[in-house]
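These notes concern the structure reproduced below.
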Amino acid sequence: MTTPQTAHGGAYLQVRDLRVQFSTEDGVVRAVDGVSFSVDRGQTLGIVGESGSGKSVSSLAVLGLHDPKKSRISGEILVNGRNVVGLDDNELRKLRGRDVAMIFQDPLSSLHPYYTIGKQIVAAYRIHHPNASKSLARKHAIDMLGRVGIPQPAKRIDGYPHEFSGGMRQRAMIAMALVNDPDLLIADEPTTALDVTVQAQILDLIEDLQRDFNAAVILITHDLGVVSQIADDVLVMYAGRVAEYGSAEQVLRQAQHPYTWGLLASVPSLHGDADEDLKPIKGNPPSLINVPPGCAFHPRCRYAMLNGGPCDIEVPQLLPLLATHEPGHTVACHLPERQRKSIYEQDIAAVGVAI
Amino acid sequence: MTNLVVPQQAAAATRTRPPGEPLLKVEGLVKHFPVRSGLFGAKQHVRAVDGIDFTVDPGETLGVVGESGCGKTTTGRMLVRLLEPTSGKITFEGRDITHMNRSSLRPLRQDMQIIFQDPYSSLNPRHTVGRIVAMPLSVNGIEPAGGVKKRVQELLEIVGLNPEHYNRYPHEFSGGQRQRIGVARALALKPKMIVADEPVSALDVSIQAQVINLLRDLQREFNLAFVFIAHDLAVVRHFCERIAVMYLGKIVEVGSRQQIYEQPSHPYTKALLSAVPDVTKLGASLGRIRLEGDVPTPINPPSGCRFRTRCWKAQDLCAQVEPPLDPKPNGSIAACHFPEVGPLR
């Protein structure tokens with residue numbers, strides 16, 4: 001497992017101070033508000049957050065999938081050193097699929113129901129290999145389907161999406177995403193629609209393929225369990241901002257942000273005392289049009305204003321931990337580090353999954 | 001299946017039903033949906049639920065877990081008679097309700113309510129919250145003491161909503177709050193049992209915990225029996241005392257929380273538990289059981305044990321003889337020829 005700081009500098013994907021805003025009738029939605037992270041080849045970054053935390057929006061920005069007429073994007077997204085913010089459609093089209101590929105949550109609605117699986121994979125291949133013959137592209141597609149674990153790929157390639165089960169469809173999607181050998185794979189809730197036994201298969205597959213292709217992977221999910229299984233680094237997002245960022249070990253085992261604590265204490269576990277009540281986070285996630293002033297989490301935070309502090313006025317910066325020599329672990333919270341540590345040990349470590 | 005009944009509960013329950021009888025008893029319940037492939041294709045049956053038996057005692061929480069297509073939702077809908085069973089028998093408080101007609105069902109529905117998965121589609125968007133929660137009362141012609149409005153506001157308060165929001169519409173509420181409205185509606189008639197079909201799976205993690213805690217408080221406060229249907233094993237462990245695991249229309253194992261989660265007897269239960277990604281397993285990827293392939297089609301389930309096609313312990317016997325649900329060494333009741341022995345890890 002690598003710590004995030006080893007990745008900085010020459011990382012394959014570097015996102016710096018990304019901001020994405022949408023103008024709506026009700027006001028400006030600040031979907032992503034100053035987010036920075038990086039992922040290198042062979043590494044997996046897990047982005048965790050609830051609905052509306054900006055996790056999907058930031059990854060769609062990497063692919064340039066926001067309508068420039070309706071959105072305002074600032075900051076830098078460096079894919080292999082090249083800034084993709086503001087690239088024109090032609091350049092973006094070359095990037096998509098070849099350098100950066102995406103797997104979506106719902107494979108049934110992201111595959112075209114009218115065309116066979118094979119036809120869709122062949123099309124994805126030939127966009128980036130215009131000189132490849134149809135038969136060569138088909139051979140590639142069959143290879144790929146075999147590699148993602150679809151039995152009898154030469155036969156199933158002519159099947160339609162509805163003839164595949166949920167897990168098989170997700171495998172087909174992964175095959176399509178990987179057919180051009182991308183360097184960065186973004187998986188947006190790739191297993192949320194699947195059963196646990198199939199989810200386990202798909203997560204294993206993503207891990208195996210990442211090793212084979214040496215790709216960088218961004219896994220977006222709301223499930224801390226999924227993240228703990230395959231992520232090297234974890235980024236916790238709340239209301240479009242980064243709450244906590246570090247290695248999986250740091251964020252999940254020595255969490256420092258009250259929101260991460262809240263998530264950990266909210267998830268029921270397969271271990272520990274089942275009769276103990278969960279400790280949910282009070283209230284609801286905020287509207288991104290009207291983000292609370294100061295720390296966006298303070299209205300829901302059990303520890304806000306403990307020191308009469310600036311939680312309701314000042315936005316906390318994402319700062320590295322100093323006392324605990326944990327390189328690469330950064331947290332955006334006004335609580336002093338020592339206080340966070342004692343709160344964690346007293347209140348959090350006993351409940352839910354935070355063991 | 002024997003169950004310990006707390007004496008106090010038993011005493012309260014005897015007023016309405018014969019002593020020693022469970023609140024709900026399901027015997028040999030079957031639901032087959034006819035399907036036809038193509039215009040002249042042969043008529044086939046999806047065997048969604050294929051002969052299940054279980055009981056629920058007053059105030060007991062029974063969890064039903066399984067993957068999609070195992071028949072857990074179909075079972076829940078048959079219990080509240082939203083689906084007509086193909087065969088089998090459902091007994092509620094000693095009365096056979098399997099084929100009761102609509103008018104005799106109505107008083108029964110007061111005792112048995114359902115909470116749905118999707119808080120968006122299960123509330124009428126054109127009705128105010130007040131009207132939605134009052135609907136069970138008006139349908140049954142019940143005039144609570146102090147008036148309908150007072151009762152509705154009481155219910156909203158019980159589920160943690162502001163009673164002043166009586167006149168608002170569902171779209172003005174978040175997902176978690178909508179699910180609370182659904183819970184308030186289910187509680188309106190003071191039911192004895194609630195069937196909850198994936199009540200938290202559409203909610204965000206932090207909101208999920210709020211709703212689970214609410215349901216647990218209500219369960220204790222009103223001594224409600226629950227049939228809690230869910231795919232999330234951790235949520236079920238947290239909420240249910242007893243758990244039934246379903247696979248392809250059959251119950252493969254029933255046991256206490258401790259039996260199911262710490263020493264499961266059926267290989268499928270073991271594999272399910274092993275597949276759950278858990279933060280506490282961080283860094284420990286060894287010893288995981290990986291099931292191959294998908295769940296077979298319920299139109300033509302495998303012979304003998306239905307799990308044998310994915311089971312690592314399967315032998316010839318498994319294809320020939322369907323294993324009965326028997327007590328196993330680990331304590332639970334399971335349908336397996338070669339049960340697991342000893343604790344999970």
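The values are calculated or read from the model by the stated rules, or taken from the named source; none is laboratory data. Because the structure is predicted, anything quoted here is derived from the model rather than measured. Quick reminder, even Gly has a Cβ in these numbers, built from the backbone with ideal geometry, and neighbours come from all protein chains shown.
A compact table of results
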{"item": "Unique residue being within 11 Å of chain B (Cβ to nearest Cβ), part of a loop (DSSP other than H, G, I, E, B) and among the small types (G, A, S) when the list is A:G159, A:G167, A:G149", "result": "A:G149"}
{"item": "Matching residues, segment B:256-266, being within 12 Å of another protein chain (Cβ to nearest Cβ) and touching an Asp or Glu at 6+ places or on another chain (Cβ under 8 Å)", "result": "B:S256, B:R257, B:I260, B:P264"}
{"item": "Meets criteria (farther than 18 Å from B:E67 by Cα and not in a loop (DSSP other than H, G, I, E, B)) for B:T269", "result": "no"}
{"item": "Criterion: in contact with a strand residue (DSSP E or B) (Cβ under 7 Å, 6 or more places away or on another chain) and surrounded by fewer than 21 Cβ atoms within 10 Å (Cβ to Cβ) - qualifying residue of A:D143, A:D208, A:D183, A:D204", "result": "A:D183"}
{"item": "Only listed residue being of a type outside the set (K, R) and surrounded by 24 or more Cβ atoms within 10 Å (Cβ to Cβ), chosen from A:P153, A:P161, A:P130, A:P190", "result": "A:P190"}
{"item": "Count of residues meeting criterion [crowded, with 24+ Cβ neighbours inside 10 Å, at pLDDT below 90 and small (G, A, S)] in segment B:185-208", "result": "1"}
{"item": "Hits in segment B:294-327 - residues which are touching a His at 6+ places or on another chain (Cβ under 6 Å) and among the aliphatic types (A, V, I, L, M)", "result": "B:L317"}
{"item": "Check on A:I230, facing another protein chain (nearest Cβ under 9 Å), in contact with a strand residue (DSSP E or B) (Cβ under 7 Å, 6 or more places away or on another chain) and within 20 Å of B:R290 (Cα to Cα)", "result": "yes"}
{"item": "Residue match in segment B:157-166 (condition: assigned to a helix (DSSP H, G or I), touching a residue at least 40 places away in the same chain (Cβ under 8 Å) and in contact with a Pro (Cβ under 7 Å, 6 or more places away or on another chain))", "result": "no"}
{"item": "Segment B:119-153: number of residues that are surrounded by 16 or more Cβ atoms within 10 Å (Cβ to Cβ) and either part of a helix (DSSP H, G or I) or among the acidic types (D, E) (or both)", "result": "12"}
{"item": "Some residue of segment A:63-71 being over 19 Å from the mean Cα position of the chain (by Cα) and of a type in the set (S, T, N, Q)", "result": "yes"}
{"item": "Selection count where residues are charged (D, E, K, R) and either without any contact (Cβ under 8 Å) to a residue 12 or more places away in the chain or within 11 Å of chain B (Cβ to nearest Cβ) (or both), scope segment A:240-268", "result": "2"}
{"item": "Considering residues of segment A:201-220 that are under 20 Å from A:A248 (Cα atoms) and acidic (D, E) only, the residue nearest to the other protein chains (Cβ to nearest Cβ)", "result": "A:D204"}
{"item": "Any hit, segment B:244-253, residues being of a type in the set (D, E), at pLDDT 95 or above, over 30 Å from A:A248 (Cα atoms) and under 21 Å from the mean Cα position of the chain (by Cα)", "result": "yes"}
{"item": "Qualifying positions in segment A:17-28 - part of a strand (DSSP E or B) and surrounded by fewer than 21 Cβ atoms within 10 Å (Cβ to Cβ)", "result": "A:D17, A:R19, A:Q21, A:F22, A:S23, A:T24, A:G27, A:V28"}
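Residues are listed down the side, and each one gets a yes or a no for (1) of a type outside the set (A, V, I, L, M); (2) more than 24 Å from B:T297 (Cα to Cα); (3) out of contact with any His (no Cβ under 8 Å at 6 or more places or on another chain):
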| residue | (1), (2), (3) |
| --- | --- |
| A:I127 | no, yes, yes |
| A:P130 | yes, yes, yes |
| A:S133 | yes, yes, yes |
| A:V148 | no, no, yes |
| A:P151 | yes, no, yes |
| A:D158 | yes, no, yes |
| A:H162 | yes, no, yes |
| A:G166 | yes, no, yes |
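Here's the yes/no breakdown for (1) touching a strand residue (DSSP E or B) at 6+ places or on another chain (Cβ under 8 Å); (2) farther than 18 Å from B:K281 by Cβ; (3) assigned to a loop (DSSP other than H, G, I, E, B):
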site	(1), (2), (3)
A:A243	yes, yes, no
A:G272	no, no, yes
A:I289	yes, yes, yes
A:G294	no, yes, yes
